[in-house]
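Accompanying notes for the structure given below.
All of the numbers you see were taken from the coordinates with simple rules; none came from a lab. The structure presented is a predicted model; accordingly, all values stated were derived computationally and were not measured. For neighbour counting, all protein chains shown are included, and Cβ atoms are generated from backbone atoms with ideal geometry for every residue, glycine included.
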Amino acid sequence: MVRVTVLYPNTPGSRFDMDYYVRKHCPMVMERLGAACKGFGVEEGAAGIMPPGKAAYRTTAWFLFDSMESFQAAFGPHAEEITGDIPNYTDLQPVIQAGVVRA
């Protein structure tokens, strides 16, 4: 299983429209990814734990796929549309990481 994580830094003064993200962007992404996406979630950063303070990321989203190939096949044809929607909800540059789930 492969997890693709999208992290939006908690940058002071930045803009992030959570309502748009959850109600419009995420459903559009899920529709484009289709059955290749085996799981999905969104988290709104609440706090840093060590040391206590602000969360490092304002928002994170994660997607599960059977393999990197299935992610690439699902995302690739829609990459321009998906990334093109980013300015509609934030002025942040997301950090994206893919990893193999081990536990």
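Are there helices (runs of 4 or more DSSP H) fully within region 1-98 with at least 3 residues that are surrounded by 13 or more Cβ atoms within 10 Å (Cβ to Cβ) and touching a residue at least 40 places away in the same chain (Cβ under 8 Å)? List them.
26-33, 68-75
Here is a check on your reading of the model: is Val22 of a type outside the set (Ser, Thr, Tyr) and out of contact with any Cys (no Cβ under 8 Å at 6 or more places or on another chain)?
Yes; evaluated as a whole, the condition is true for this residue.
Give the residue that is farthest from Ile86 (Cα to Cα), with candidates limited to residues of region 1-18 that are touching a helix residue (DSSP H, G or I) at 6+ places or on another chain (Cβ under 8 Å) and hydrophobic (A, V, I, L, M, F, W, C).
Checking each candidate, the answer is Val2.
Please specify each residue of region 1-27 satisfying the condition of being touching a Pro at 6+ places or on another chain (Cβ under 7 Å) and within 11 Å of Glu44 (Cα to Cα).
Residues satisfying the conditions are Leu7, Tyr8.
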